[in-house]
């Protein structure tokens with residue numbers, strides 16, 4: 001039992017030390033923020049007390065001295081500067097090492113020695129240096145307070161969430177100019193948590209309805225961190241053809257835990273005044289029923305107010321329970337996802353069986369089961385989703401320490417830290433991002449004097465950003481350094497035989513050479529880079545995650561690396577297609593459209609393999625030839641147009657079967673390196689369908705097109 005609690009302590013201590021690192025890095029940017037200093041002190045105090053409880057005496061004694069230093073900092077006796085932060089970070093690192101190695105407490109024979117001397121003898125020179133520096137700060141005289149002129153500006157705090165009541169009544173003819181009202185409601189939903197109630201009283205019968213007229217009005221209750229102007233901007237293009245009201249919702253006036261009263265909401269909405277409400281409350285009926293019977297308020301207005309009451313109640317319950325959480329081992333989550341995957345496969349089998357039986361009852365059960373499985377899948381996947389900000393914060397320390405080592409000045413700016421990604425993807429994303437950031441600092445950001453000489457700020461900027469793009473997440477690492485030297489890359493490619501004599505490559509193709517194993521243009525080998533190891537690791541890891549990596553650079557302006565990663569590696573929505581007698585799955589998030597093409601039309605296009613699609617020329621490739629499929633080619637084929645590698649590409653298939661919930665299964669060692677495949681799935685009848693790697697196939701199609709153009713010349 002003790003070992004179980006000890007393991008829990010070690011896990012919580014690791015979290016506290018991680019939070020401490022983030023706090024110290026924030027404190028370096030805002031040294032006068034007393035809240036951050038207190039937060040760092042509390043973390044150190046908790047680690048000290050818990051470590052002593054579980055027998056980590058060395059950790060407890062070491063942490064006690066660091067806590068004293070932070071206490072003096074809280075009292076204003078020690079000034080927070082770069083050296084102070086660096087020392088505290090080193091102390092934090094050493095505490096982590098102590099917890100990892102679980103050093104025993106001092107022996108009884110050491111009781112005659114001072115505690116610090118005893119710890120020095122056990123922890124070695126590194127610990128002695130760190131602890132000695134900490135002790136010197138603890139015993140040093142108080143530092144003079146910084147002058148007000150030198151104090152940095154306070155850090156702007158994130159806006160707190162508020163709740164807004166929105167009344168939206170569009171004009172009856174709003175559809176005539178192409179306005180999509182539901183898109184406006186979806187945009188509001190994307191801004192926060194929204195509860196939407198449609199007023200349908202004016203909707204006529206189906207025989208009398210005019211599909212070009214809008215009969216609805218909507219009440220929306222929105223909880224968001226946006227302000228009133230941001231909410232009104234959603235309706236900026238329809239303000240002259242709609243009545244829009246945006247008002248803040250007052251917090252409940254009752255005691256904590258009590259829901260806001262319905263009468264309060266009705267009065268705030270201006271449906272009745274307080275005196276009228278008081279008369280209604282005198283009856284023994286429920287307030288809603290009494291108001292409807294008195295014809296003071298319509299039934300839909302009461303239903304809308306009840307939805308607002310429920311919205312506020314849920315927010316209050318969530319706020320009260322915000323501190324409640326449960327710690328679950330990641331292995332249990334992985335097991336849950338595997339079980340849900342098996343259920344998805346079983347549901348596909350049930351749907352196929354119900355379709356063949358033509359039994360109405362069985363079909364109804366199958367549809368309900370499919371709906372429940374879909375909800376279970378989405379909920380289970382959301383549990384595994386984590387904000388990527390936890391990974392981003394780790395790189396602030398990397399940038400800080402590496403810039404000091406290289407004698408450079410650099411700042412890490414992050415965007416989209418709230419973007420969520422599957423925990424498995426996040427865990428495997430650390431090493432690639434470290435390599436990219438180290439290269440940006442070593443090869444990209446110039447020395448401060450060099451930057452000043454060419455008119456740049458002395459401190460360089462590395463920007464780490466994340467955002468959603470369909471079923472993918474785009475992670476971009478950019479710097480404002482000197483950019484890549486294309487000529488140096490070309491020369492190195494020729495020296496290594498990657499570029500044939502006389503071969504002309506585009507800038508994009510030259511940038512891709514950087515991902516070749518052992519490729520480096522560094523003139524000298526350093527402790528950071530220069531051995532040709534790094535970017536090939538990045539590409540290999542991203543490829544293994546089913547993603548892609550692109551690189552762009554402008555001379556003198558910097559470099560941009562874009563990683564495109566799937567949201568999850570477990571279950572995706574796919575488009576099931578058939579080629580010959582085999583089934584394949586194309587990730588639905590990549591599909592732009594499908595078009596039919598006859599055998600004769602396909603023959604007329606010949607080897608040119610370019611078709612017109614929505615006023616664009618799109619290259620395509622028949623997958624029958626790619627996978628050497630047997631059987632006769634159908635009279636009518638389908639071309640699936642996909643968006644891959646920032647371009648559109650078409651793939652010719654025999655038949656599009658339809659949407660399919662795809663449980664991704666890894667390929668075995670024998671098929672792991674087959675180009676164009678990223679995994680497999682099991683269909684409802686037990687057969688195996690292969691999942692296509694759209695990015696690899698798109699690159700292959702583009703390469704074939706360039707080779708064909710080079711050998712035959714352009715088509716006239």
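The values are calculated or read from the model by the stated rules, or taken from the named source; none is laboratory data. What you see is a predicted model, and the numbers here were worked out from it, not measured in a lab. In this analysis, Cβ positions are derived from the backbone assuming ideal geometry, glycine residues included, and neighbour counts consider all displayed protein chains.
Restricting attention to region 442-461, which residues are under 23 Å from residue 474 (Cα atoms), at pLDDT 90 or above and part of a helix (DSSP H, G or I)?
Across region 442-461, there are no qualifying residues.
Of everything in region 526-536 that's closer than 17 Å to residue 512 by Cα and out of contact with any helix residue (DSSP H, G or I) (no Cβ under 6 Å at 6 or more places or on another chain), which residue is modelled with the highest pLDDT?
Going through the qualifying residues, I end up with 533.
Looking only at region 596-614, how many residues end up being modelled with pLDDT of 85 or more and either more than 22 Å from residue 631 (Cβ to Cβ) or not assigned by TED's automatic domain parsing to the domain that holds residue 676 (or both)?
Number satisfying all stated conditions: 5.
Take residue 41 and tell me if it is at pLDDT below 85 and either assigned to a helix (DSSP H, G or I) or not assigned by TED's automatic domain parsing to the domain that holds residue 69 (or both).
In short, no.
Go through region 47-56 and give me each residue that's surrounded by 17 or more Cβ atoms within 10 Å (Cβ to Cβ) and assigned to a helix (DSSP H, G or I).
Across region 47-56, the qualifying residues are 47, 48, 50, 51.
Does region 282-292 contain at least one residue that is under 13 Å from residue 219 (Cβ atoms), assigned to a helix (DSSP H, G or I) and at pLDDT 80 or above?
There is no residue in region 282-292 that is under 13 Å from residue 219 (Cβ atoms), assigned to a helix (DSSP H, G or I) and at pLDDT 80 or above.
Restricting to region 550-585, name every residue that is under 30 Å from residue 373 (Cα atoms) and assigned to a loop (DSSP other than H, G, I, E, B).
567, 568, 569, 570, 581 - these are the residues of region 550-585 that are under 30 Å from residue 373 (Cα atoms) and assigned to a loop (DSSP other than H, G, I, E, B).
Scan region 69-84 for residues that are crowded, with 18+ Cβ neighbours inside 10 Å and in a helix (DSSP H, G or I) and report the count.
The qualifying residues number 4.
Results for (1) part of a strand (DSSP E or B); (2) buried (at least 19 other Cβ atoms within 10 Å of the Cβ); (3) modelled with pLDDT under 90, shown as yes or no for each residue.
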residue: 617; (1), (2), (3): yes, no, yes
residue: 625; (1), (2), (3): no, no, yes
residue: 628; (1), (2), (3): no, no, yes
residue: 632; (1), (2), (3): no, no, yes
residue: 637; (1), (2), (3): yes, yes, no
residue: 642; (1), (2), (3): yes, yes, no
residue: 661; (1), (2), (3): yes, yes, yes
residue: 673; (1), (2), (3): no, no, yes
residue: 685; (1), (2), (3): no, no, yes
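Please indicate, with yes or no, whether at least one residue in region 492-505 is part of a loop (DSSP other than H, G, I, E, B), assigned by TED's automatic domain parsing to the domain that holds residue 411, at pLDDT 80 or above and under 19 Å from residue 414 (Cα atoms).
no
Do the conditions hold for residue 625, that is, is it over 30 Å from residue 441 (Cβ atoms) and without any contact (Cβ under 8 Å) to a residue 40 or more places away in the chain?
yes
List the strands (runs of 3 or more DSSP E) inside region 383-427, counting only whole elements, that have at least 2 residues being assigned by TED's automatic domain parsing to the domain that holds residue 93, surrounded by fewer than 17 Cβ atoms within 10 Å (Cβ to Cβ) and in contact (Cβ under 8 Å) with a residue 60 or more places away in the chain.
Because the criterion is at least 2 residues that are assigned by TED's automatic domain parsing to the domain that holds residue 93, surrounded by fewer than 17 Cβ atoms within 10 Å (Cβ to Cβ) and in contact (Cβ under 8 Å) with a residue 60 or more places away in the chain, no strands (runs of 3 or more DSSP E) in region 383-427 meet it.
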